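Values quoted throughout were computed directly from the atomic coordinates according to the rules given, and no laboratory measurement underlies them. This is a predicted model, so every value here is computed, not measured. A quick note on method: Cβ atoms are made from the backbone with ideal geometry, for glycine too, and the neighbour counts reach across all protein chains shown.
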Amino acid sequence: MDVRVTRHRILDTPAGSFVLVCGPDGAVSARWDDDTGLNGSQHEPDLLPRLAAKLQRYFRGLAEDFDDVPTPAGPTFHRRCWEVCRKIPRGETRSYGELAAMAGSGPGASRAVGQAMRRNPLPVIVPCHRIIAASGRLHGYSGSVDPAGRALAIKRSLLELERSTKQ
């Protein structure tokens, strides 16, 4: 197996296909499959077996922690937001402004938090679906703010899964 290429594994979940990706540098990322960006990537059905097993348990509704998965590399502010986001308990939510404050910035940084969440390379593992608008409404997920779109439907389903099986 040539590890100098990008490799991926697709997990079937109740919310759709979830793709684990391992880049040529070993960096792990994940995303909801939208049939783009896998060109040239080598499908490897046994990629990252431990992480895949944890994710499969999570998607079955079991409480699972991902503490052994490092927070992804990124700009300092983004990493700080991702690290704080990882501490939000399963089934709970925080607003963008609350996350900004938790990350050491003022509530005026809520848009910057939104950008950090938008660029999160490890959805579910860094649970950006737990970040909502100050009004309590779902707002934005995986780069989409379309209220009728697939991305917000996934965000809603992840929150419902966590709340219905909170452990």
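Screening region 94-126 for residues that are within 14 Å of the chain's Cα centre (by Cα) and among the polar types (S, T, N, Q) and picking the one that is nearest to residue 59 (Cα to Cα) gives 120.
Name, by its number, the condition in (1) free of Cβ contacts under 8 Å to residues at least 40 places away in the same chain; (2) under 25 Å from residue 20 (Cβ atoms) that does not hold for residue 74. All conditions pass for residue 74, except number (1).
Only one entry in 61, 104 is within 23 Å of residue 19 (Cα to Cα), touching a residue at least 12 places away in the same chain (Cβ under 8 Å) and of a type outside the set (A, V, I, L, M, F, W, C), namely 61.
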